[in-house]
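Student: Below is the structure I would like to discuss, written out as structure tokens.
The values are calculated or read from the model by the stated rules, or taken from the named source; none is laboratory data. Bear in mind the structure is a predicted one, so any value in this text is a computation, not a measurement. Because the Cβ atoms are built from the backbone with ideal geometry, glycine has one as well, and the counts that use them run over all protein chains shown. Each accessible area value is taken on the protein alone, full model and side chains, heavy atoms only, with ligands, DNA and RNA left out. Shrake-Rupley method; radii C 1.70, N 1.55, O 1.52, S 1.80 Å.
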Amino acid sequence: MSDEYRQMWRDLGLNLEAHDVLLSVLGQGYKDVFLSQENRPQGMEYFNFVVSQVHGLRIKELLDAQAEGRKVIGSFCVFVPEEIVLAVDGVLVGLCSGADFAVEEVEKYLPRNTCALIKSALGFKLGQVCPYLESADLIVGENTCDGKKKAYETMGGLVPKVYVMDLPQMKTDQGRALLKSEYQRFVTKMEALSGRKITPASLRKGIQTVNAKRRALARLNALRAHNPAPISGLDALLIHQVSFYDNPIRFTDAVNRICDELEQRVAQNQGVFPQATKRVLLSGCPMAVPNWKVPWILETSGAVIVGEESCVGERGLRNAVDDSADSVEGLLDAIVDRYFAIDCAVFTPNPDRPRHVREMAAAYHAQGVIHYSLQFCQPYQMEAIPMERGLKADGIPTLRLETDYGAEDVGQLKTRIEAFLEMLG
Ligand code: BJ8
């Protein structure tokens, strides 16, 4: 891939040497973590291919779309509605934030005690290794946690195309009104950027495309309730991660195809791990590519992950948008209703999240919950404490982990995870 796309990366202004290092580390990590798994569904071949082309063919597709006059929008949060981007024939992509890069440079701009996800987002810019960020026509930041809020100010000084969306902090009528006005402002922005007017038909089509994608992912997740689980948690996480990069229609087809295969596995009682494997639910901060550390430790220590309560997982995909209204205003209201239900830890209070974790633990027959927070992520670290208490009261053992993107704590995490799994009995 490298030679074929070298000129494209050069034209985007990437630092080719640093980018080569990133690709080789990514490629090796992928081999070690994913390709070494046994008994993977055949349908994973499609996702292997997408990952192998994530900085190649997919970027070329984005540039081709731009050449046709379409706009590419980058985002860091599931509050940015893909439906609105699709309604102007744009492309929404998730931006890289799952690995440490240019850390020394980043710490000249951000305090050391900033979460790894935020540092990573800036590191990919400062290190000039993210072709998504460089090719995007607009980068949408959002006022969620304090770290992100302030980091977008810094990023805005480095990248002129940053647009910040304000978001509510409380689930009140005023909070909903703020979200609606911000989505209206986003509609105006997207119309101005693309030169296209959003119509009821274009918005409905965008809604239907994203609903189909979410339905396919929900179908995949429902299949994981079976024991033995027909797909590993690592592969399921990878599919969710790919959902942020791939063409949504092609992606939905690939997910439905793998679901057909998994249904056959379920019918034949065939799983990736033996039936007695400990079943755990993962809950907490989103895991962006290539953040695979904790799932990899879990699934090489005798557990299978049966669900992710995360924005790269069920928190980010549940609930469809009602597409029955016949005006842009009505459809936008339906979009607001769907997104306002996202139970991100930046909301206060946030009772839906512990409720959802309990529901997921029951639905996927999890024997325990792993609560995963990034270091210095106050919203998720703070919610982890009452969450653990509540789950314990319900008889669901919980292990709270705090980590970053480094490999230094792998041994320590493994020891704690093994002890937890042992205790699940
Ligand atoms: S909707 S979870 S994608 S904000 S890990 S940067 S919270 S300090 S990522 Fe998120 Fe949207 Fe919420 Fe989802 Fe801050 Fe925590 Fe870092 Fe985080």
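Student: Can you pull the percent of the stretch 1-132's accessible area that's carbon plus sulfur, 1.4 Å probe, other chains left in place? Intermediate values should be presented prior to the final figure.
Tutor: On the way: 2740 of 5580 Å².
Accessible surface attributable to carbon and sulfur in the stretch 1-132 totals 49 percent.
Student: A further question follows. Return the Rg/Rh value of the chain, two decimal places, where both radii are evaluated on C-alpha atoms and Rh is the Kirkwood radius.
Tutor: Numbers: Rg = 20.6 Å, Rh = 22.0 Å.
Ratio of gyration radius to Kirkwood radius: 0.94.
Student: With the other protein chains left in place, how much accessible area per residue, in square angstrom, belongs to the chain at a 1.4 angstrom probe? Mind dumping the intermediate values first?
Tutor: Numbers: 17130 Å² over 425 residues.
With the other protein chains kept in place, the chain gives 40 Å² per residue.
Student: Return P(r) of the stretch 303-425 (all Cα-Cα pairs; 10 Å bins starting at 0; whole %; ordered from short to long distances).
Tutor: 11, 37, 31, 13, 6, 1
Student: To continue, here is another question. With each label point set 7 Å from Cα along the Cα-Cβ vector, what nm distance links Asn113 and Thr172?
Tutor: Label-label distance for Asn113 and Thr172, simple model: 3.0 nm.
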